[in-house]
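Right, one structure below, let's go through it.
We did not get these values from a lab; they are worked out from the coordinates using the rules stated. Since this is a predicted model, take the numbers as computed values, not measurements. Ideal geometry is used to build each Cβ from the backbone, glycine not excepted, and the neighbour counts take in all protein chains shown.
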Amino acid sequence: MKPITETVWLITGCSTGFGREIALCALQQGARVAVTARRTETVADICEQYPQRALAISLDITDAGQREAAFQATLDHFGQLDILVNNAGYGYVAAIEEGDEDAFRAMFETNFFATLAMTRLVLPYFRERRSGRIINNSSQAGLMANPGTGFYSASKHALEGVMEALGKEVSTLGIQVVTIQPGAFRTDWSGRSMQRGGQRIDDYAESVGSRLDMIAAIDGKQPGDPVRAAQVFVDMAIMEEPPAQLVLGTGLLQSYRERLTDIQARLHAWESVSVSAEYPPQ
């Protein structure tokens, strides 16, 4: 991989949270960055701080024309693209029965379909150059599902699946795909960026309502530091051999280890049933 000072980045969703911190971190270390947001005034201060190396681009990732324009503007301004960071996304929370279909489909459009389209847009360029890196900001919800965040989890599971497959497809073409799963971090995800389903069904108060109340209660008190996380994203983007997936955060690391233990126990407990559905050996 090139030294970071020779790289050009395109980062989606830079107005707040991880996207903003990743852009700042990369710029602080000498990268050139296309800093995208729906409203460029939200990233104007970044470009004022790094006028020679930061380019503000208006990007609604769900708009195909804007995706193409953002990619082309990056190439026109910097002459190359080395790293795509798929960061744009948001949460929609509701019990599965409560969810509004238009609302969770819109979230899927941003979190999965538009992110996939952005990735597919840059792939021919990366293939031709036999070089490129795609960094995906997924979530703990991409690893496990919980009450109230099922729709969000589904969008992240979809992203995880397609990016794992893509990483294997392009592994011989000089392109690397890294998907990072952050746990609880102090971003706007559970605050103003989150959308909540309007319908509330009393039967779900215990299983869903209590968990959503817990998420709201810890907003602003999460243990994860987005600035430190941004450095990890940057490290993953420039190291020679990054992992295909990376869990981020102590709490999530522990939870995922417990989940793996549960999976192993279940596989052992039901092994005889699992192997019973095959033809007898000849």
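See the values below:
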{"item": "The chain: relative contact order as a whole-number percent, Cα under 8 Å and 6+ apart", "result": "19"}
{"item": "Computed label-point distance, nm, for sites Gln282 and Trp270 using a 7 Å Cα→Cβ extension", "result": "3.1"}
{"item": "Relative intensity, log₁₀ I(q)/I(0), of the range 4-254 from a Debye sum that treats every alpha carbon as a point, q = 0.07, 0.15, 0.16, 0.17 Å⁻¹", "result": "-0.23, -1.04, -1.17, -1.32"}
{"item": "Under 12 Å, Cβ to Cβ, from Leu84 - net charge with Lys/Arg +1 and Asp/Glu -1", "result": "+2"}
{"item": "Cβ crowding within 10 Å averaged over residues, with 227-237, 61-71 ranked highest first", "result": "227-237, 61-71"}
{"item": "Ellipticity estimate at 222 nm from DSSP helix runs (n ≥ 4, -39,500 (n - 2.57)) divided over the chain, nearest 500", "result": "-13500 deg cm²/dmol"}
{"item": "Kyte-Doolittle at least -1.0, axis length at least 15 Å by Cα - qualifying DSSP helices, the chain", "result": "17-28, 64-78, 115-129, 150-169, 226-238, 250-269"}
{"item": "Simple label model, 7 Å out from Cα along Cβ direction - Lys168 to Asp203, nm", "result": "3.9"}
{"item": "Among 169-178, 77-86, the order from most to least packed when residues are scored by Cβ within 10 Å on average", "result": "77-86, 169-178"}
{"item": "Net +/- balance of residues flanking Val232 in space, Cβ distance below 13 Å, scoring K and R +1, D and E -1", "result": "-2"}
{"item": "Ranked by how many other beta carbons lie within 10 Å on average, peptides 251-259, 38-46 from highest", "result": "38-46, 251-259"}
{"item": "Calculated FRET efficiency for the pair His77/Asp235, C-beta based, R₀ 25 Å, to 0.05", "result": "0.50"}
